[in-house]
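A quick write-up on the structure given underneath.
Here, each number is a calculation from the coordinates, and none is a lab measurement. The model shown is predicted, which means the values in this text are computed figures rather than measured ones. Positions of Cβ are backbone-derived with ideal geometry, glycine not excepted, and every protein chain shown enters the neighbour counts.
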Amino acid sequence: MNVMRTTLDILKPLYSDGIEIVDAGAYIGDLTIPLAQLPCVKRVYAFEPQPEVREILQSNLLLNDVKNVEVLPYALGHMNAPISFTPNSALGSPGSTQMRLDDEGEIKAEMRTLDSFDLNPAFIKADVEGMEMFLLNGGQETFKRSGPVLFYERDTVPVI
């Protein structure tokens, strides 16, 4: 969080009306909430495709009285299509999954490209469980248009 806060402080003078953030893989809001509470942040678009996890995220936003977050029920990737998840209990976290592009996973969701939302984020935080390259491929126009700083967790879990 300190690295993200410092980065946003550096960006702040460039965005007088506030910084917009995309939080891809928002999970329960453990980073979404502190990011949204920073004075320089105008809006956070929190993408979380897992229904049970997303419910906890929304509850946490209410508990913390955070109103500048829009929760979106999508996985960000390289195409607009249905997907499914299989929880990876070996990793010990409900946020740890393996994503599939078929109907065999336990949790059904929708993948969308970042470009399909026509957002202009200055900063993108991504924790997308091995889908990093797919997110980048689906956001080429957004990256060209907005030139956001990308902060991501690199995951080595095999996907798709």
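Could the peptides 142-150, 71-79 be put in order, highest first, of the mean number of other beta-carbon atoms found within 10 Å of their residues?
Numbers: 142-150: 15.7, 71-79: 20.3.
Order by mean packing, descending: 71-79, 142-150.
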Original post:
Roughly what angle does helix 2-11 make with the longest principal axis of the chain, taking Cα atoms, 0 to 90 degrees, to the nearest 10?
Top reply: 50
Original post:
Of the beta bridges DSSP finds with both residues in the chain, what % are antiparallel, to the nearest 5?
Top reply: 30
Original post:
Separation between the S59 and I10 pseudo-spin-labels, each 7 Å from Cα along Cα→Cβ, expressed in nm?
Top reply: 3.8
Subject >> Proximal lysines relative to K42, as straight alpha-carbon distance under 19 Å, when same-chain residues fewer than 8 apart are discounted >> reply: K12, K67, K125
Subject >> Test item: Cα-centred dipole of the chain, Lys/Arg +1 and Asp/Glu -1 on Cβ, debye >> reply: 540
**OP:** Determine the shape class of the stretch 26-70: with a ≥ b ≥ c the square roots of the Cα gyration tensor eigenvalues, call it rounded for a/c under 1.5, and otherwise prolate if a/b is greater than b/c, oblate otherwise.
**Re:** prolate
Original post:
Between C40 and E106, what is the label-to-label distance in nm when each label sits 7 Å out along the Cα-to-Cβ direction?
Top reply: 4.1
